[in-house]
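Beneath this line is the structure, given in structure tokens, with notes to follow.
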Amino acid sequence: GMPEAPAPPLAERRASRRIQVGPVAVGGGAPVSVQSMTTTRTSDVGATLQQIAELTASGCQIVRVACPTQDDADALATIARKSQIPVIADIHFQPKYVFAAIEAGCAAVRVNPGNIKQFDDRVKEIARAAQDHGTPIRIGVNAGSLDRRLLRKYGRATPEALVESALWEASLFEEHGFRDIKISVKHNDPVVMINAYRMLAERCDYPLHLGVTEAGPAFQGTIKSAVAFGALLGEGIGDTIRVSLSAPPAEEVKVGIQILQSLGLRERRLEIVSCPSCGRAQVDVYKLADEVTAGLDGMEVPLRVAVMGCVVNGPGEAREADLGVASGNGKGQIFVKGEVIKTVPESKIVETLIEEAMRIAEQMEKDGIAS
Ligand code: SF4
């Protein structure tokens, strides 16, 4: 068949200012970046750097580390220097750690206006220090720690309350000419979160960091984040994302990358197009899809591999893919770029697909298609 034309993008990206988080541009049309947060004690430099290395390997582009104590603040300089990706210090309550993080060379600092009453008085000093070091600030509003004043005014963490808190804090920085800012307004309810970001997107031009906070264990959190980010990114809103899961942070990165790929905001690497199976299936599709996925894990080229359970839709999908199999009668027809190249017994399907995938990948790399 004919090769598929790339799908048109969902929406034009919202025009936003651009900030630099170390070497990673955020906003102003830069590709949407994926971030995560370490779960180690930041003061444990070795463990934190180890986790950052794992996150880097999984595709994380920006990492955030918590900084609740002086020991953590003391560790920031080494971590920022040795990390392969830009490090953002996450500061609640203690303005002195903001200065420490800026001086330690962190790529950015996250502050939570709801948790830092004393901050408002010190914004001028923070703005000056951040300006001097070229350090952007994320204003990170969280439903769970909303400013008391706004909680009284709105009764609960409504979209209006979250947005007002963020823009109020931003205005304090703006008074000192500081606009090197990105903003998040997180809530655990995707509907509230979506409405908050929509409102925020209209009322400022700062780049936005998307997040559903306390999204839950992996399954629920993945769906909540995919739904919320999908709605917003589908409207062009959002410049960097963090999936929050009660699961290891590398899982968050995987989910984040998949979300961007699903929305066409990032080039796909390996894509498995597999059928859900049905009463017509002549092969164990789940097992076959899992085995092919595992066998091709880590492929660095954009490769679409179709795994189909029978010959109804099988050949069609298999033909549209770079590579595919349509099963039937204990055999698998192996397709490459629309041509049946061979028919193999069922027991040889996985190894044949993997072999062919490797061959195609090698060719793509030679042709310079790999990114
Ligand atoms: Fe069912 Fe065949 Fe479609 Fe798979 S490809 S869902 S087995 S009809």
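Could you tell me which residue of the range 180-222 is farthest from Val26 (Cα to Cα), considering only residues that are in contact with an Asp or Glu (Cβ under 8 Å, 6 or more places away or on another chain) and surrounded by fewer than 20 Cβ atoms within 10 Å (Cβ to Cβ)?
Ala218
Quick grid of which residues meet (1) within 16 Å of the ligand (Cβ to nearest atom); (2) modelled with pLDDT under 90:
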position: Glu300; (1), (2): no, yes
position: Cys310; (1), (2): yes, yes
position: Gly314; (1), (2): yes, yes
position: Arg319; (1), (2): yes, yes
position: Gly332; (1), (2): yes, no
position: Glu346; (1), (2): yes, no
position: Val350; (1), (2): no, no
position: Ile354; (1), (2): no, no
position: Lys366; (1), (2): no, yes
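Pairs under 7 Å by beta carbon, first residue more than 17 Å from Ala157 (Cβ to Cβ) in the range 196-214, partner among the hydrophobic types (A, V, I, L, M, F, W, C) and in a loop (DSSP other than H, G, I, E, B), six or more apart or different chains?
Between residues of the range 196-214 that are more than 17 Å from Ala157 (Cβ to Cβ) and residues that are among the hydrophobic types (A, V, I, L, M, F, W, C) and in a loop (DSSP other than H, G, I, E, B), the close pairs are Ala201/Ile237; Asp205/Ala15; Leu208/Ile237.
Can you tell me which condition Leu323 does not meet? The list is (1) more than 9 Å from the ligand (Cβ to nearest atom); (2) among the aliphatic types (A, V, I, L, M); (3) without any contact (Cβ under 8 Å) to a residue 24 or more places away in the chain, and all the others hold.
Going through (1) more than 9 Å from the ligand (Cβ to nearest atom); (2) among the aliphatic types (A, V, I, L, M); (3) without any contact (Cβ under 8 Å) to a residue 24 or more places away in the chain one by one, Leu323 breaks only (3).
Would you mention how many residues in the range 91-116 are aromatic (Phe, Trp, Tyr) and closer than 20 Å to Ile62 by Cβ?
Initially, the range 91-116 is screened for residues aromatic (Phe, Trp, Tyr), giving 93, 97, 99.
From what's left, closer than 20 Å to Ile62 by Cβ: 97.
The qualifying residues number 1.
Across the range 223-241, what is the total count of residues that are hydrophobic (A, V, I, L, M, F, W, C) and surrounded by fewer than 17 Cβ atoms within 10 Å (Cβ to Cβ)?
Of the residues in the range 223-241, the ones hydrophobic (A, V, I, L, M, F, W, C) are 223, 226-229, 231-233, 237, 241.
This time we only want the ones that are surrounded by fewer than 17 Cβ atoms within 10 Å (Cβ to Cβ), so: 223, 227.
Qualifying residue count for the region: 2.
Only one of (1) closer than 16 Å to Glu355 by Cα; (2) in contact with a helix residue (DSSP H, G or I) (Cβ under 7 Å, 6 or more places away or on another chain); (3) part of a loop (DSSP other than H, G, I, E, B) fails for Asp297. Which number is that?
(2)
Quickly run through the range 268-296 and pick out the residues that are touching a residue at least 24 places away in the same chain (Cβ under 8 Å), open to solvent by 70 Å² or more (accessible area, probe 1.4 Å) and charged (D, E, K, R).
Arg269, Arg280, Glu291
Would you tally the residues in the range 147-166 being part of a helix (DSSP H, G or I) and open to solvent by 40 Å² or more (accessible area, probe 1.4 Å)?
Within the range 147-166, residues that are part of a helix (DSSP H, G or I) and open to solvent by 40 Å² or more (accessible area, probe 1.4 Å) number 8.
Scan Val255, Val273, Val283 and give me the residue that is within 16 Å of the ligand (Cβ to nearest atom), within 20 Å of Gly298 (Cβ to Cβ) and out of contact with any Leu (no Cβ under 6 Å at 6 or more places or on another chain).
Val273
Just one of (1) closer than 27 Å to Ile259 by Cβ; (2) open to solvent by less than 10 Å² (accessible area, probe 1.4 Å); (3) not in a helix (DSSP H, G or I) trips up Arg304, so point out which.
Result: Arg304 fails condition (2) only.
Those residues that are basic (Lys, Arg) and either open to solvent by less than 20 Å² (accessible area, probe 1.4 Å) or within 8 Å of the chain's Cα centre (by Cα) (or both), I need them from the range 242-267; list them, please.
Answer for the range 242-267, where residues must be basic (Lys, Arg) and either open to solvent by less than 20 Å² (accessible area, probe 1.4 Å) or within 8 Å of the chain's Cα centre (by Cα) (or both): Arg242, Lys254.
So how many residues does the range 167-179 have that are surrounded by fewer than 24 Cβ atoms within 10 Å (Cβ to Cβ) and not in a loop (DSSP other than H, G, I, E, B)?
Here the count works out to 7.
The values are calculated or read from the model by the stated rules, or taken from the named source; none is laboratory data. For clarity, every value in this text was computed on a predicted model and none was experimentally measured. With ideal geometry, Cβ positions are generated from the backbone for all residues, glycine too; neighbour counts draw on all protein chains shown. Quick note on the areas: whole protein, heavy atoms, side chains included, nothing else; ligands and nucleic acids left out. Shrake-Rupley method; radii C 1.70, N 1.55, O 1.52, S 1.80 Å.
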